[in-house]
Amino acid sequence: MSDLRIVIAGAGGRMGRTLIKAISEAGGLVLVGALEHSGSAHLGEDAGLMAGLRADGVTVESDVAPTLNGADVVVDFSSPGASVRLAERLAEAGIAHVIGTTGFSHADNAAIAAAARRTPVVKSGNMSLGVNLLAALTRRVAATLDESFDIEIVEMHHNKKVDAPSGTALLLGEAAAQGRGCELSTSSERGRDGVTGARKPGAIGFASLRGGSVVGEHMVIFAGPSERIELAHKAEDRMIFARGALAAARWAKGREPGLYSMADVLGLSDF
Ligand SMILES: NC(=O)C1=CN([C@@H]2O[C@H](COP(=O)(O)OP(=O)(O)OC[C@H]3O[C@@H](n4cnc5c(N)ncnc54)[C@H](OP(=O)(O)O)[C@@H]3O)[C@@H](O)[C@H]2O)C=CC1
Ligand SMILES: O=C(O)C1=N[C@H](C(=O)O)C[C@H](O)C1
């Protein structure tokens, strides 16, 4: 069988470089393109050298059309605007899209869902096995407990992260809301400050910490009368996200158009 031909979008970033390394370590995958924005300092660099490996002959480009030529899947950890534009291009070209980018607006999510009617898209705020298992557990615990247990989601990330709450925190919030049978959009409580009044019964709260080089830590707290359950995940290396994204790329090739999640890829949808 021929190798899966992968383009990385956001190639010069923390995740882009980790993905280039992960592809070089995996079997059956080949890097055929590396995309960055037109002002990037990485343009013209060899992607392998940029990732701290040997030269691989793939040059970092900003021109999307020629880079997509012959690609099977684009694995995209860039920025919300870039991912939405790329989703539209990939829908036209019928190329599968794996989206790890976070920080999307409602309008961005709608545009990606529209693109997914024409090509397979796997989108997740967290590509790791551990976090997706945590989401499945969160849904089950939330379905078991009643509103006397307050749900709070706490996350911590490195000091370069630009969006909050993290995509993972929102994914966990959606899982909690599904389990409880409510809508996250009307239940979430974010950014408490000042005299906020007592906690609203049934709210799902979010708190974001930023500092140092923390890769990503998430905790879902179910705080009840006189007892508390805490479910947590700590990412120690970005390689867990990269390996998950590459598993999604293998899974996506040849699928029917649709918007898929990592739960679909990992077979956790009915967990
Ligand atoms: N789903 C998951 O499992 C994970 C998701 N993420 C998410 O992935 C995204 C990237 O994270 P990270 O790698 O840490 O961030 P970085 O800022 O290190 O990387 C993003 C890269 O994308 C580049 N970029 C910006 N605009 C474009 C564009 N138009 N075309 C191509 N490239 C572009 C940036 O360039 P420049 O720096 O010059 O702006 C940068 O090189 C974030 O949204 C993050 O939250 C991260 C880890 C795991
Ligand atoms: O920006 C990051 O670094 C990460 N972003 C994702 C998120 O927003 O949840 C996933 C991971 O936690 C790292």
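Expressed in whole Å with the largest first, what are the equivalent ellipsoid semi-axes of the chain derived from the C-alpha gyration tensor as the square root of 5 times each eigenvalue?
Working from the Cα gyration tensor, I get semi-axes of 35, 19, 17 Å.
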Restricting to Cα pairs under 8 Å and 6 or more apart, the percent relative contact order of region 20-116 works out to 21 percent
In whole Hz, with x marking every Gly and Pro, tabulate ³J(HN,Hα) for region 18-32 from phi via Karplus 6.51 cos²θ - 1.76 cosθ + 1.60, θ = phi - 60°. 5, 5, 4, 5, 4, 5, 5, 8, 8, x, x, 10, 9, 7, 10
If you add up the charges near Asp72, with Lys and Arg at +1 and Asp and Glu at -1, over every other residue whose beta carbon is less than 11 angstrom from its beta carbon, what do you get? +2
Using Cα springs under 10 Å in a Gaussian network model of the chain, which residue among Leu90, Leu133, Leu209 shows the largest mean-square fluctuation? Leu209
With springs only between Cα atoms under 10 Å apart, run a GNM on the chain and tell me which of Ala41, Ala111, Ala164 wobbles the most. Ala41
Using the alpha carbons of region 33-138, what is the convex hull volume per residue in cubic angstrom, as a whole number? 127 Å³
Expressed as a whole-number percentage, the relative contact order of the chain with C-alpha contacts under 8 angstrom and at least six residues apart is 20 percent
What accessible surface, in Å², does a 1.4 Å probe find on Lys234, ignoring ligands, DNA and RNA and rounding to the nearest 10? 130 Å²
Can you list the residues, at least 5 places off or on another chain, whose amide H is less than 5 Å from the amide H of Ser188, using H built in the peptide plane? Ile204
Counted charge near Pro201, where neighbours are those whose Cβ lies closer than 14 Å (Asp, Glu -1; Lys, Arg +1): -2
Carbon-plus-sulfur fraction of the accessible area of the chain, 1.4 Å probe, in percent? 50 percent
Could you pull out the pairs from Lys21/Lys161; Lys161/Lys253; Lys123/Lys200; Lys161/Lys200; Lys200/Lys234; Lys21/Lys123 whose alpha carbons sit more than 25 Å apart here? Lys161/Lys253; Lys123/Lys200; Lys161/Lys200; Lys200/Lys234
Cβ-Cβ FRET estimate between Asp146 and Asp270, R0 fixed at 22 Å, reported to 0.05: 0.40
Antiparallel DSSP beta bridges within the chain, as percent of all bridges there, nearest 5: 35 percent
What value in Å³ per residue do you get for the convex hull of the alpha-carbon atoms in region 151-271? 152 Å³
Measure out, as a whole number of angstrom, how far apart the alpha-carbon centroids of region 51-127 and region 141-210 sit. 28 Å
Label 7 Å along Cα→Cβ of His158; region 5-24 residues with amide nitrogen under 12 Å? 13-19
Met50, Met1, ranked by accessible area, largest first (probe 1.4 Å): Met1, Met50
Shape call for region 1-91 from the C-alpha gyration tensor, a ≥ b ≥ c root eigenvalues: rounded (a/c under 1.5), prolate (a/b greater than b/c) or oblate? oblate
Treating the beta-carbon of each Lys and Arg as +1 and of each Asp and Glu as -1, no other charges, what is the dipole magnitude of the chain about its Cα centre, to the nearest 20 debye? 60 debye
Calculated [θ] (222 nm, deg cm²/dmol) that DSSP helices of n ≥ 4 give over the chain, each run adding -39,500 (n - 2.57): -10500 deg cm²/dmol
Mind listing the long-range amide H neighbours of Ala34? Cut-off is under 5 Å, sequence gap 5 or more, other chains count too, H placed in the peptide plane at 1.01 Å from N. Ile8, Glu61
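I'd like the FRET efficiency for Glu230 and Glu92, computed as 1/(1 + (r/R0)^6) with the beta carbon distance as r and R0 of 35 Å, rounded to 0.05.
0.15
Provide the per residue accessible area, probe 1.4 Å, for region 1-157, rounded to a whole number of square angstrom.
43 Å²
The values are calculated or read from the model by the stated rules, or taken from the named source; none is laboratory data. The model shown is predicted, which means the values in this text are computed figures rather than measured ones. Glycine gets a Cβ as well: all are built from the backbone with ideal geometry, and neighbour counts include every protein chain shown. Each accessible area value is taken on the protein alone, full model and side chains, heavy atoms only, with ligands, DNA and RNA left out. Shrake-Rupley method; radii C 1.70, N 1.55, O 1.52, S 1.80 Å.
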